[in-house]
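The values are calculated or read from the model by the stated rules, or taken from the named source; none is laboratory data. Being a predicted model, the structure only gives us computed values, none of them experimental. As a convention, Cβ positions derive from the backbone with ideal geometry for all residues, glycine included, and neighbour counts pool all protein chains shown. Each accessible area value is taken on the protein alone, full model and side chains, heavy atoms only, with ligands, DNA and RNA left out. Shrake-Rupley method; radii C 1.70, N 1.55, O 1.52, S 1.80 Å.
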Amino acid sequence: MRKFEPKRPAALIHQALEAITFACLAVAALPVQAQGAWPDKPIKLVVPYPAGGNADNTARLLATQLSGRLGQQVVVDNRPGGSGTIGAAAVAKAAPDGYTLLLDATAFTVNPSLFAKLPYDAAKDFAPISLVLQVPLLMVVPASSPLQSVADLATAARAQPGRITYASAGNGGAQHLAGELYKQGAKVSMTHIPYRGGAPALTDLIGGQVDVMFSATTASGPFVKSGKLRALAITSARRTEGWEQVPTLAESGVPGFQVNEWNGLFAPAGTPQPVLQRLEAETRAIVASPEVKRRFAELGVQGVGSSAQEFAAFVQAEAAQWARVIRTSGIRMD
C-alpha cells in the first residue's frame, strides 16, 4: 500500500493561486449586470451649460424619464463655462462606469476647431450614445425689412459688401457659424455683430438695429408667428413640420446648406458595452414615447433618438463641417 504523503506548502500555494486566477477570469467574463446590477446607485448627467437653456431643458426631461426606466435617480449637474468645455472635461476624466454621463450640444463638435487647446480629446475620450433631438434655425429679418427673400439678401450683400449686418448670441456659437457658412456658400460679405446671448440679439433685430439673424425655431419662431419678424428660410435639409411655408436655404440658392442645433448623450470612453447598449435602448425608447413626442412638439424641437453608430457618424460629419467653416473664416476663441 502506498503511503500517504502530505502535500508540500509550495504545492498548496500553487493550487490556491490557480483557483483564485480561475475565479477572477470567470468573474471578468460575466456580463456587467451579473457582476453587480447596473445601475445600483444614482447617475449624474452633466450639462456643460447654464440652467434654463435648451440643453438643460432636454437633460431634465431625459433625466426624469431615465430615472423611471433604470430604477435609479438620474441627477442633472450643470457645469457651465468655457463654451461647454468645463463640463465636458469633467466627464472625460470621470470613471467609465456608467454613473457619469454628458448631455452636450452643437458646441461639442465646434470647440475642437475653435480652441487651440482643449483639456480632452473630443474624438477619443467619449462614447456617443444617441442623438436626442435637433432644432433647425430660421433666417429671420425684421418685419419692416425690405428684404423679402434670400435672393434679396444676397443681392443687397453683393451690392454693398459688409453693409448687411447679422446678429448672433456670441462668437463661435451655432448662430455665428450658420452666418459664416451662409457667407461662404452664397459668396457674400456681411458683418457679424455678436451679442451676449440670443435674447438681446433678437431684441435688436426686431428693432431694426441689425439686418438679419440665424436663430433656432424655438427662439425666433414665436416672433415670426406674432408678426415681429419675417422668416426668409429655414436651415434644415427639408421643409419642416410647422414651417412648411418657409423654404430651405438649399432651395434658396445655397446647395447643401444644413445647420441644426442639437442635443446628444455621451459617456466616458471605456464605459462597458452592456451599459452603453442599455442607455442607447432606453434613450431611443424615451424619444419615441408618446409623452416625450408630445413634449418635444410643444417645445418645437425634432426628436431623433438615433443609434450610437448613427450618432458617432453625425458627430464626425458635424466636426468636419465646422472645421472647414472655422478654418476658412479664421475664427478663434483664444
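Compute the relative contact order of region 39-195 as a whole-number percentage, counting only Cα pairs closer than 8 Å that sit 6 or more residues apart in sequence.
Answer for region 39-195 is 18 percent.
Taking only protein heavy atoms and a 1.4 Å probe, the accessible area of the chain is 56% carbon and sulfur. The candidate values were (1) 1.27; (2) 1.13; (3) 0.95; the one computed from these coordinates for Cα Rg over 2.2 N^0.38 Å carries the label (1). In this label model, Lys293 and Arg238 are separated by 1.6 nm, measuring between points 7 Å along each Cα→Cβ vector. Spacing of the modelled spin labels on Gln277 and Gln316, each 7 Å from Cα toward Cβ, amounts to 2.2 nm. Distance between the 7 Å Cα→Cβ label points at Thr328 and Ala37: 5.4 nm. The GluC sites (Glu not before Pro) found in region 190-267 that occupy coil by DSSP, while having at most 16 further C-beta atoms within 10 Å, are Glu241, Glu244, Glu251.
Keeping every protein chain present and rolling a 1.4 Å probe, give me the accessible area per residue for the chain in Å².
Working: 16160 Å² over 334 residues.
For the chain, the solvent-accessible area averages 48 Å² per residue.
Note: relative contact order over the chain, using C-alpha pairs below 8 Å and six or more positions apart, is 24 percent.
Between their Cα atoms, which of Lys44/Lys93; Lys93/Lys124; Lys44/Lys117 are more than 19 Å away from each other?
Too far apart for the 19 Å limit: Lys44/Lys117.
Taking the Cα centre of region 49-126 as origin and assigning +1 to Lys and Arg Cβ atoms and -1 to Asp and Glu Cβ atoms, the resulting dipole is close to 20 debye.
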